[in-house]
């Protein structure tokens, strides 16, 4: 066999170490084929080390959906995304059951039916069906969407730090607004949201602030502003924990702890980098 | 709809979007060990009877590898996550039609590949293009990069991205997933010979990106 045949065989084997006897025999006496074998082995190694981002959070969220009661696709809202592709695909897309044309036809059908029903009943006093009534727009969700969009358009860590700071303030405001009426699960969800916003948002972005993005005084200013915000949130949460109903106490304590932990981390960043 | 869950999702997506968070997890450490076939068959049989926990185990066993493959096909973390979820949802919807004891991995990857093909068709219609995170992201120092020369890794990663999609899908099923050519042919809906040919051509191209001066330390 000539070198070309041998080298083709070497390339063809996904596991280059498993070469046949005749190939091994040839390679032992042929420098060019030895080099090819070494390259093939190296390629095998590289192919197993291709970098991949983590999808841990998406996996965990999906697993929760799978394990939750009821239909999987209805337990999760569709998160809008400015990237054109959110973590959760649309209901129709996920199930692959409804084509866009069918969906459009269905929507048209609903509109005709609703229009007909309205026409038939218009002399009567207006009665709005609960499903058709316009639901009040929820400010907090609207602001969350706005922050999300702003984040997807942001390019620098300082921008993202500012957005996460505003977002965390919105979360604390929401907690204050609803804690008296919210169930344990609801207030706990808000606390979890705050923890995530602070730990994975503010702290992570604060770590990204460096000399390339801004001057030291600017960086110090940003970090101190974030620390002030966290201080205030920690104090307020601690105070609310003392007077909140039992269901909300734990949640406010968690928020206070999250704020304090984040503040400590920011302090460490300042001390380490001498910002 | 739970309002706070919805907001929670937004934060989850937002906090994981930044490029700094990409490429920082050693692949090998995340990948669960292959599940014994008998155990997997038990899960699948239970899942067919409506056991969600059993199906969750299946998801746990396959998520990382499925996501990894789809990430290399799409070069987009969010699309890869969407496709992975979609694949498992379709698998769950059709789980009763799966014959327990036959090749579940090939069945699952076939669903994933169909989803990917549909996505590509949609992109062509919209004349959009997939962003390429694997090329633009900074690899940075880390266990993965330290293990193999980062320049080589970058070159090969870029070269893989340049491969025609049909060749890339076959190569990664073979190299990364360790599939035999018969299973690759099932997943991609091609003949075994075509699968073999595609993997060969892909490797032939990639091996050129391993330069001679990096070979000294190799055996």
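Rule-based calculations on the coordinates, nothing more; no lab input. Because the structure is a prediction, the values reported are computed rather than measured. For neighbour counting, all protein chains shown are included, and Cβ atoms are generated from backbone atoms with ideal geometry for every residue, glycine included.
Worth a mention:
- Cβ-derived FRET efficiency at R0 41 Å, residue B:37 paired with residue A:8, nearest 0.05: 0.75
- Förster-model FRET efficiency, 25 Å R0, residue A:271 and residue A:235, C-beta, rounded to 0.05: 0.65
- Here the Debye sum runs over all C-alpha atoms of the range A:157-275 as equal scatterers in vacuum, and log10 of I(q)/I(0) at q = 0.14, 0.18, 0.22 Å⁻¹ comes out as -0.54, -0.81, -1.10.
- Across the range B:50-111, counting alpha-carbon atoms alone, Rg and Dmax equal 11.7, 34 Å.
- Segment residue A:207-residue A:104, extension gain: residue separation times 0.36 nm, minus the distance between their alpha carbons: 32.4 nm
- Using a Förster distance of 60 Å, the FRET efficiency for residue A:114-residue B:211 (Cβ separation, nearest 0.05): 0.35
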